[in-house]
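The values are calculated or read from the model by the stated rules, or taken from the named source; none is laboratory data. Please read all numbers here as calculations on a predicted model, not as lab measurements. Here the Cβ positions follow ideal geometry from the backbone for every residue, glycine too, while neighbour counts run over all protein chains shown. All accessible areas refer to the heavy atoms of the entire protein, side chains included, with ligands and DNA or RNA removed. Shrake-Rupley method; radii C 1.70, N 1.55, O 1.52, S 1.80 Å.
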Number of protein chains: 2
Amino acid sequence: MSSPFALHTLLEFHDCDPALLKDAEGLRPVMLDAVRAGHGTVVAEVFHNFSPHGVSGVVVIAESHVAIHTWPENGFAAVDIFSCSSALDQVKIENCIRLGLRASRVTRRTLHRGPIEPTLPVASEENGGHP
Amino acid sequence: MSSPFALHTLLEFHDCDPALLKDAEGLRPVMLDAVRAGHGTVVAEVFHNFSPHGVSGVVVIAESHVAIHTWPENGFAAVDIFSCSSALDQVKIENCIRLGLRASRVTRRTLHRGPIEPTLPVASEENGGHP
């Protein structure tokens, strides 16, 4: 079995600040600051407000991408951190986003991506908060 | 248990055309045509060539996003289809990308996203090819 090419972390942030979740301009610095704190190199970014509410944001980085989709009415945001580089500090990025969104709870799943066996271990963790 | 907010399909395409995988300009129409074939509404898109090779591409759509990362030297591409709308035809998008990349094999995992139980069913399928 060959090594995975990338590590993909799927995060669900609960009980976030609803005002922030509906504000693309407010979310942009939260996500960009988090990526940079995790030593990511920003290549391009798109943040889009949907009507009546909700934001989709994607930051393409030299290491792959970080994406967010929000549901302000539920205080909920789904975030993906996809990285082909072990130098990207995914824990740091997660913690920065969690603080930025003022989330009270996070659910985390970590998957391998690449030409590997289809049945992969999926690590789930709730009430995360890395030390 | 509440319903998921989004359906997230993680695809691994194997034995693709390596020339296409290193060409951001060639990949762009493959991805955009696939999204449109699946009734997705394109909001923004970014395709980026990395040195010495490899492409990252993200299409932000009204229904969420579709992303691709490629490893031309391995004939491999990882694709995500993240959709908050059941109207998006993810099967159609997958099949279009598979044809466009000339992939001989695809591995598929489907996950729910949203404020749901952390331990979710993960559907894996190999040698996919929807009928």
Any residue on another chain or 5+ positions along whose placed amide H is under 5 Å from the amide H of B:Ile61 is listed here as B:Val43, B:Val66
Here the Cα Rg-to-2.2 N^0.38 Å ratio for the stretch A:6-114 is 0.97
Considering chain B as a Gaussian network with a 10 Å cut-off on Cα pairs, which listed residue, B:Gly38, B:Gly75, B:Gly114, attains the greatest mean-square fluctuation?
B:Gly114
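If you roll a 1.4 Å probe over the heavy atoms of the protein chains, what accessible area per residue do you get for the stretch B:6-114, in Å²?
Ligands and nucleic acids excluded, the figure is 34 Å² per residue.
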At 0.36 nm per residue, minus the direct Cα-Cα distance, what do A:Arg28 and A:Val43 gain on full extension? Give it in nm, one decimal, please.
4.0 nm
Taking only Cα atoms, what is the 0 to 90° angle, nearest 10, from helix A:24-37's long axis to the longest principal axis of chain A?
30 degrees
For chain B, with only Lys/Arg (+1) and Asp/Glu (-1) charged at the beta-carbon, what is the dipole magnitude about the Cα centre, in debye rounded to 20?
100 debye
Accessible surface buried once A binds B (1.4 Å probe; total of both sides; Å²)
3200 Å²
Run the accessible area of chain B with a 1.4 Å probe and give the carbon-and-sulfur part as a rounded percent.
51 percent
Output wanted: per-residue J couplings in Hz (rounded whole) for the stretch A:60-71, from phi through Karplus 6.51 cos²θ - 1.76 cosθ + 1.60, θ = phi - 60°, x for Gly and Pro.
7, 10, 4, 8, 2, 7, 10, 10, 9, 10, 10, 10
Reciprocal mean inverse distance between Cα atoms of the stretch A:6-63 - Kirkwood radius, Å:
12.5 Å
Cut-off 10 angstrom, C-alpha nodes, Gaussian network model of chain A. Which of A:His14, A:His53, A:His65 fluctuates the most?
A:His53
Backbone HN-Hα couplings from phi across the stretch B:39-46 [Karplus 6.51/-1.76/1.60, Hz, Gly and Pro as x]
6, x, 9, 6, 9, 6, 8, 9
For the pair B:Asp89 and A:His53, what calculated FRET efficiency results from E = 1/(1 + (r/R0)^6), where r is the Cβ-Cβ distance and R0 = 30 Å, to the nearest 0.05?
0.75
So how far apart, in nm, are the two label points at B:Glu73 and B:Asp17 if each is 7 Å from Cα heading toward Cβ?
2.3 nm
May I ask you to find the residues of the stretch A:29-74 that are shielded by at least 40 Å² of accessible area once the whole protein assembly is considered instead of their isolated chain (probe 1.4 Å)?
A:Val43, A:Val46, A:Phe50, A:Val58, A:Val60, A:His65, A:His69, A:Trp71
Once phi is turned into ³J(HN,Hα) by the Karplus curve 6.51 cos²θ - 1.76 cosθ + 1.60 with θ = phi - 60°, what whole-Hz value does each residue of the stretch A:94-104 show in order, with x for glycine and proline?
4, 5, 5, 5, 4, 5, x, 7, 6, 6, 8
Largest first and in whole Å, give the semi-axes of the protein assembly as shown's equivalent ellipsoid, each being the square root of 5 times a Cα gyration tensor eigenvalue.
27, 19, 19
What does the structure give for B:4-13 when I average, per residue, the other chain Cβ atoms found within 10 Å of the residue Cβ?
3
Test of understanding: in a Gaussian network model of chain B with alpha carbons linked when under 10 Å, which of B:Phe50, B:Phe82, B:Phe13 would top the mean-square fluctuation ranking?
B:Phe50
